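The next block holds one structure in the form of structure tokens; read it before the comments.
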Amino acid sequence: METRAAVAFKAGQPLSIETVTLDGPRPGEVLVEIKATGVCHTDAFTLSGDDPEGAFPAILGHEGAGVVVEVGEGVKSLKVGDHVIPLYTPECRECDYCLHPKTNLCQSIRSTQGQGLMPDGTSRFKLNGEPILHYMGCSTFSNYTVLPEIALAKIRKDAPFDKVCYIGCGVTTGVGAVAFDAKVEPGSNVVVFGLGGIGLNVIQGARMVGANKIIGVDINPSKVKLAKQFGMTDFINPKETPDLIEAIMDLTNGGADYSFECIGNVNTMRQALECCHKGWGESIIIGVAGAGQEISTRPFQLVTGRVWRGSAFGGARGRTDVPKIVDWYMDGKINIDDLITHKMPLDDINKAFDLMHSGESIRSVIEF
Ligand code: APR
Ligand code: ZN
């Protein structure tokens with residue numbers, strides 16, 4: 001079949017809207033009509049050329065929602081008409097990782113996914129007879145796309161595509177880091193570094209689980225209003241604070257129970273660890289630092305009981321947890337609507353990247 005898609009031909013160049021050919025699903029695969037997709041920093045990172053795994057030409061996009069159109073041989077868990085969210089972290093429920101209780105990083109299709117290919121080592125997309133690569137196993141910047149069955153979460157049918165697509169990456173990354181990875185207990189004092197899309201989702205996750213203080217740290221005071229609406233109780237601007245760590249210690253009576261780094265800066269990662277409470281404070285890195293960068297601290301910080309860890313896709317096991325997060329949204333436990341600041345058709349997708357780079361948007365959503 002043919003489908004419209006935004007193709008990334010080269011690093012650093014705008015996406016180009018093309019009609020591409022898409023082969024149908026092979027055994028274990030599913031054809032999905034994408035109804036809406038978010039545009040995320042990770043797409044921009046790959047498009048910039050800085051992503052060591054990035055390869056072109058490719059169809060980017062990994063934050064979508066849509067409907068099953070056709071299922072390949074042997075597909076059991078999905079049928080035509082099901083509503084789904086694509087998963088860049090799949091859940092096969094069979095590999096060593098899926099069977100281990102401490103991780104969500106299913107590895108069953110990791111190597112081919114990293115190469116931009118389906119698990120059988122080929123691509124389903126072509127333009128003028130030449131293959132186009134998949135991206136993060138999703139390629140949601142295409143109106144139709146093919147995914148492995150294990151990379152699709154089945155969701156309820158009354159959930160709006162243009163909102164729940166954000167659960168495919170940003171919402172789950174932030175809310176999940178609190179709920180599934182850190183397992184923040186009610187009454188905890190939480191510090192959130194960076195009040196962008198990820199940080200705001202961490203804040204609302206912390207509110208949802210009943211945190212006590214939720215302290216936001218950002219150099220841009222224009223973020224305060226929305227952060228308060230999402231549950232932030234206190235704000236610190238490091239530019240106006242002589243000693244950031246001391247200010248956090250004062251507000252939390254000795255340090256954070258949990259801190260989350262949602263910037264991707266190795267200096268704030270250190271601050272996030274060192275503002276944690278001696279003996280038990282845990283710091284979770286979510287932000288992605290530039291290629292080749294390294295973190296540092298004095299080892300005594302860890303010897304004296306602070307814990308440094310990271311979180312990917314919010315620790316969520318996609319097929320199991322993503323439908324739960326959709327329920328949280330539908331039940332009004334989390335707010336997605338106010339984070340989607342811009343909507344546009346596929347033709348205007350490059351505007352979504354501009355809005356992200358200028359810091360004007362929290363999330364732009366493309367509706368097909
Ligand atoms: N100290 C405090 N706040 C900072 C600093 C700093 N040194 N540098 C940037 N910030 C703030 C910005 O003002 C902004 O509000 O961090 C926030 C980052 O927000 P976004 O740019 O919207 O980024 P977001 O989408 O939330 O992603 C954050 O997670 O997914 C990764 O690649 C992404 O590494 C990035 C991080
Ligand atoms: Zn993403």
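Kindly indicate whether GLY54 is within 23 Å of ASN201 (Cα to Cα), small (Gly, Ala, Ser), open to solvent by less than 60 Å² (accessible area, probe 1.4 Å) and within 16 Å of ligand 2 (Cβ to nearest atom).
When the stated conditions are applied, GLY54 does not pass them.
Please go through the stretch 312-343 and pick out each residue that is in a loop (DSSP other than H, G, I, E, B) and open to solvent by 50 Å² or more (accessible area, probe 1.4 Å). Walk me through it before giving the result.
Going through the stretch 312-343, the residues in a loop (DSSP other than H, G, I, E, B) turn out to be 312, 316-317, 331-336.
Passing the criteria: ARG317, ASP331, GLY332, LYS333.
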The number of residues in the stretch 110-149 that are open to solvent by 20 Å² or more (accessible area, probe 1.4 Å) and within 20 Å of GLU73 (Cβ to Cβ) is 8
Scanning the stretch 13-31 residue by residue, the ones that are open to solvent by less than 60 Å² (accessible area, probe 1.4 Å) and within 13 Å of PHE56 (Cα to Cα) total 2
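Please go through the stretch 16-48 and give me each residue that is within 15 Å of ligand 1 (Cβ to nearest atom) and not charged (D, E, K, R), ordered by number.
So the first thing to find is which residues in the stretch 16-48 are within 15 Å of ligand 1 (Cβ to nearest atom), and the list is 38-48.
Residues satisfying the conditions are GLY38, VAL39, CYS40, HIS41, THR42, ALA44, PHE45, THR46, LEU47, SER48.
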More than 16 Å from ligand 2 (Cβ to nearest atom) and in contact with a Gly (Cβ under 6 Å, 6 or more places away or on another chain) - does that describe any residue in the stretch 36-48?
no
Of VAL184, VAL192, VAL178, the only residue that is touching a residue at least 40 places away in the same chain (Cβ under 8 Å) and assigned to a strand (DSSP E or B) is VAL192
Cβ pairs under 6 Å, 6+ apart or interchain, first in the stretch 345-356 and surrounded by 14 or more Cβ atoms within 10 Å (Cβ to Cβ), second among the β-branched types (Val, Ile, Thr), ordered by first then second residue, are LEU346/ILE366; ILE349/ILE366; ALA352/VAL39
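Take the residues in the stretch 299-311 that are touching a helix residue (DSSP H, G or I) at 6+ places or on another chain (Cβ under 8 Å) and of a type outside the set (Lys, Arg), then tell me which one is surrounded by the most Cβ atoms within 10 Å (Cβ to Cβ). Let's see the steps before the verdict.
Looking only at the stretch 299-311, we keep the residues that are touching a helix residue (DSSP H, G or I) at 6+ places or on another chain (Cβ under 8 Å), and these are 301, 306, 308-309, 311.
Pick out the ones that are also of a type outside the set (Lys, Arg) and you get 301, 308, 311.
Values: GLN301: 18, TRP308: 20, SER311: 22.
Per the stated criteria, the residue is SER311.
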Considering the stretch 253-287, residues that are open to solvent by less than 10 Å² (accessible area, probe 1.4 Å), away from ligand 1 (no atom under 12 Å from the Cβ) and not hydrophobic (A, V, I, L, M, F, W, C), and then whichever is nearest to GLY305 (Cα to Cα), we arrive at GLY281
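The values are calculated or read from the model by the stated rules, or taken from the named source; none is laboratory data. Given the structure is predicted, the values throughout are model-derived calculations rather than measurements. Here the Cβ is made from the backbone with ideal geometry for all residues, glycine too, and neighbour counts use every protein chain on show. For the accessible areas, the whole protein counts, side chains as well, though only heavy atoms, and no ligand, DNA or RNA atoms are used. Shrake-Rupley method; radii C 1.70, N 1.55, O 1.52, S 1.80 Å.
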